Every structure is written in C-alpha cells, then in structure tokens.
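Participant: Structure in structure tokens, see below.
The values are calculated or read from the model by the stated rules, or taken from the named source; none is laboratory data. Quick caveat: nothing in here was measured; it's all calculated off a predicted structure. For neighbour counting, all protein chains shown are included, and Cβ atoms are generated from backbone atoms with ideal geometry for every residue, glycine included. SASA here: full protein model, heavy atoms, side chains in, ligands and nucleic acids out. Shrake-Rupley method; radii C 1.70, N 1.55, O 1.52, S 1.80 Å.
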Amino acid sequence: GSCGGCLHQDIKYPAQTFWKGRQVCETLERIGKIGPDTPGMDEETLPSPLEYGYRNKMEFSFHGIGDSLKMGFKRRGSETDVLNISSCPLLPEQCADIPVLVRDYCASPNIGTYRHNRGGYWRKLVVRFSHHTGEIMIPLLTGPARSHHTIKGLGKLLFDNIPQLKSFVHSTRKGRADLATGERLISVT
C-alpha cells in the first residue's frame with residue numbers, strides 16, 4: 001500500500017515476523033558487531049499474541065489547514081505528503097477513535113500545520129497504549145505560539161470521549177527536525 005506507517009502489512013503475519021527478525025539480526029550484526037553464532041541470533045522470532053492492534057506507540061503527522069487538514073502517516077517514499085487515515089489495523093481497539101477526533105478538532109479552528117519559519121501550529125500526535133494496564137497517554141506536539149487556548153478544548157474532548165485516557169501532554173517544538181519530541185512542556189493533564 002501507500003501508507004508509510006509500516007512496511008510489513010502487505011505480507012502475511014508469519015512472513016512479517018520472519019522478516020522483522022532478519023532485520024533485527026542484520027542490524028545487530030552490522031551496528032552491534034554481534035556475530036551470527038551468538039546464542040539467540042539464529043532462533044525464530046517470537047510473534048505477538050496479537051496479529052493486529054499490537055502497537056503501544058503510534059506517531060501521526062499533520063499536513064494542511066482547515067478542511068484540507070490531513071493527519072496520519074507519511075506516504076511511503078515521501079518526506080512531506082501525509083496520508084489521511086481514519087483507522088489503522090495496528091492501533092489498539094481502545095484507541096480507534098482518537099485519529100478522527102483529533103483531526104476533526106484540529107481542522108475546525110482553521111489553524112495550519114507548523115512549518116519552520118513560516119508559522120502554523122500542528123506538528124505531531126503520539127498515541128501511547130499500555131497493553132498491561134489498558135491506559136492511554138496522548139502527547140501532542142505543536143509549534144510555538146503566544147497562546148495555546150485551543151489545546152484546552154482538545155484535551156477536554158479527548159477526556160470526555162476516551163475513558164482509558166490517563167494523560168494528555170502538550171509540548172512545543174520550534175526546531176526544523178520532524179521529531180515527535182517537544183523542546184518545551186506546556187501542560188500535562
């Protein structure tokens with residue numbers, strides 16, 4: 001498919017685990033200088049008990065403004081084009097409503113995506129889910145602004161609609177790098 005969120009969803013799950021295991025081994029050999037004869041390097045990759053919904057962290061990017069605001073994953077092979085998504089098979093069921101809730105809310109104030117030295121606001125949404133406790137944490141990353149009043153409404157919307165939500169974190173990032181890491185913490189609820 002065209003989604004760049006993951007590269008293995010086009011193949012059956014047993015093949016996914018095989019190729020992911022190979023990637024890990026090759027990386028350990030290349031970067032970690034761990035030889036193929038090291039115990040564990042030739043063992044079969046252990047699959048998750050969940051074929052879908054197993055991710056505990058997902059990062060969504062924003063692109064556009066108003067009704068044309070997209071939120072999702074970067075299109076495969078692109079640094080800037082965002083594929084608008086409303087669901088993802090790797091997102092846990094408890095988090096399924098989050099992408100649409102956030103995108104619809106962020107599109108309504110007609111505020112655009114942050115671009116370095118060009119203004120805008122929205123940057124990244126991260127959804128973290130604990131398979132152990134069932135709790136959800138949502139960090140939101142925006143560009144710097146004089147006022148962040150619109151974020152309070154988004155936090156309220158999320159807490160009102162996502163019962164498992166335990167924290168909503170807002171931070172800003174001014175730097176050019178497209179990272180889901182804030183430089184300045186604004187609020188935690």
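Participant: Express the carbon and sulfur contribution to the solvent-accessible surface of the chain as a percent, rounded to the nearest whole number, probe 1.4 angstrom.
Facilitator: 53 percent
Participant: Roughly what % of DSSP beta bridges within region 46-189 run antiparallel, to the nearest 5?
Facilitator: So the antiparallel bridges in region 46-189 amount to around 70 percent.
Participant: Going down the list Lys20/Lys74; Lys20/Lys174; Lys33/Lys74, which pairs span over 27 Å between their C-alpha atoms?
Facilitator: From the list (Lys20/Lys74; Lys20/Lys174; Lys33/Lys74), the Cα-Cα distance tops 27 Å for Lys20/Lys174; Lys33/Lys74.
Participant: Out of region 3-69, which GluC sites (Glu not before Pro) are coil in DSSP terms and have no more than 13 other C-beta atoms within 10 Å?
Facilitator: Here the GluC sites (Glu not before Pro) that fit, given the DSSP loop and packing criteria, are Glu43, Glu44.
Participant: Any idea what the relative contact order of the chain is, in percent, if you count C-alpha pairs under 8 Å spaced at least 6 apart?
Facilitator: Relative contact order for the chain comes out at 16 percent.
Participant: Another question, then. Just to confirm the filter: which trypsin sites (Lys or Arg not before Pro) across region 146-189 are DSSP coil and have at most 15 other Cβ within 10 angstrom of their Cβ?
Facilitator: Sparse-neighbourhood loop trypsin sites (Lys or Arg not before Pro): Arg146, Lys174, Arg176.
Participant: Length gain on complete extension for the stretch Glu135 to Ser167, per 0.36 nm per residue less the alpha carbon to alpha carbon distance?
Facilitator: 10.6 nm
Participant: (i) 18.5, 58; (ii) 21.1, 72; (iii) 18.6, 54: which one is Rg and Dmax of the Cα atoms in Å as calculated from this entry?
Facilitator: Correct label, based on the coordinates given: (i).
Participant: Then there is this: So for the pair Lys12, Val126, with labels modelled 7 Å out along Cα→Cβ, what separation do we get in nm?
Facilitator: About 3.6 nm, to one decimal.
Participant: Once you keep just the Cα pairs under 8 angstrom separated by 6 or more residues, what percentage relative contact order results for region 63-129?
Facilitator: 32 percent
Participant: Identify the trypsin sites (Lys or Arg not before Pro) of region 13-107 meeting these criteria: DSSP loop state and at most 10 other C-beta atoms within 10 Å of the C-beta.
Facilitator: Lys33
Participant: What is the Cα centroid distance between region 155-180 and region 96-151, reported in whole angstrom?
Facilitator: What the calculation gives is 5 Å, centre to centre.
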